[in-house]
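A.B. asks: Handing you this structure, nothing more for now.
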Amino acid sequence: MSLSEARFHDLVDATQQTLEDIFEDSDLDIDLESSAGVLTVKFENGTQLIFSRQEPLRQLWLAAVSGGFHFDYDEESERWMCDKSEEQLGEMLERIVQQQAGVEFDFEGL
C-alpha cells in the first residue's frame, strides 16, 4: 500500500523537524538550512548531510559523503527504512555522522 501524498508530506515534515531538533540541541557548531522540502546539515569540518523528499517515489533521500541513500516508510515499524540495506534511518545516521563528522548522536526513534 502506497502512502497518500498528504501522509507522505506529514511524515517527511515530522522527520525533518525531529532531525533539526536533535542537531540544534547539540553543543556542536552545526548550520541547518531548510528550504523547499530539503534539509541541509553542515558540519564544522565542511561536510554535509542533505535530506530531500522525493514525492513521486514517496521516498526520503539522504546524500552523505559515503553516498546516496533512499528510504521508504514502513508502516508496520513506523520507521524510514533504506530500500537497499533495510537499515533504519536512525541507525544509519548514527554511523554516518560518526564517520563523517567524528561525533556521536542518538537518533533513537527515527
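A.B. asks: Out of segment 10-25, which residues are loosely packed, with under 12 Cβ neighbours inside 10 Å and either modelled with pLDDT under 95 or under 10 Å from the mean Cα position of the chain (by Cα) (or both)?
C.D. replies: First, pick out the residues of segment 10-25 that are loosely packed, with under 12 Cβ neighbours inside 10 Å: 14, 21, 24-25.
Hits for segment 10-25 are ASP21, GLU24, ASP25.
A.B. asks: Mind listing whichever residues of segment 94-104 are in a helix (DSSP H, G or I) and in contact (Cβ under 8 Å) with a residue 24 or more places away in the chain?
C.D. replies: ILE96, VAL97, GLN99, GLN100, ALA101 - these are the residues of segment 94-104 that are in a helix (DSSP H, G or I) and in contact (Cβ under 8 Å) with a residue 24 or more places away in the chain.
A.B. asks: Additional query: In segment 46-69, which residue that is charged (D, E, K, R) and not in a loop (DSSP other than H, G, I, E, B) is modelled with the lowest pLDDT? Give the derivation first.
C.D. replies: Our first condition is that a residue be charged (D, E, K, R); within segment 46-69, this holds for 53, 55, 58.
Those still in the list that are not in a loop (DSSP other than H, G, I, E, B) too: 53, 55.
Working: ARG53: 96, GLU55: 93.
Among those that are charged (D, E, K, R) and not in a loop (DSSP other than H, G, I, E, B), it is GLU55.
A.B. asks: State which residue is surrounded by the most Cβ atoms within 10 Å (Cβ to Cβ) when the search covers only segment 26-45 and only residues that are outside any strand (DSSP E or B) and hydrophobic (A, V, I, L, M, F, W, C). Talk me through it step by step, then tell me what you get.
C.D. replies: Initially, segment 26-45 is screened for residues outside any strand (DSSP E or B), giving 26-30, 36-37, 43-45.
Cutting the leftovers down to hydrophobic (A, V, I, L, M, F, W, C) gives us 28, 30, 36, 43.
On the way: LEU28: 12, ILE30: 17, ALA36: 6, PHE43: 19.
Per the criteria, the residue is PHE43.
A.B. asks: Continuing with the same structure: Consider GLN48 against the criteria (1) surrounded by fewer than 14 Cβ atoms within 10 Å (Cβ to Cβ); (2) in contact with a Lys or Arg (Cβ under 8 Å, 6 or more places away or on another chain); (3) farther than 17 Å from THR18 by Cβ; (4) not hydroxyl-bearing (Ser, Thr, Tyr): it satisfies all of them except one. Which criterion is unmet?
C.D. replies: Against the list (1) surrounded by fewer than 14 Cβ atoms within 10 Å (Cβ to Cβ); (2) in contact with a Lys or Arg (Cβ under 8 Å, 6 or more places away or on another chain); (3) farther than 17 Å from THR18 by Cβ; (4) not hydroxyl-bearing (Ser, Thr, Tyr), GLN48 comes up short only on (1).
The values are calculated or read from the model by the stated rules, or taken from the named source; none is laboratory data. Please read all numbers here as calculations on a predicted model, not as lab measurements. Note: ideal-geometry Cβ built from the backbone for every residue, glycine included; neighbour counts use all protein chains shown.
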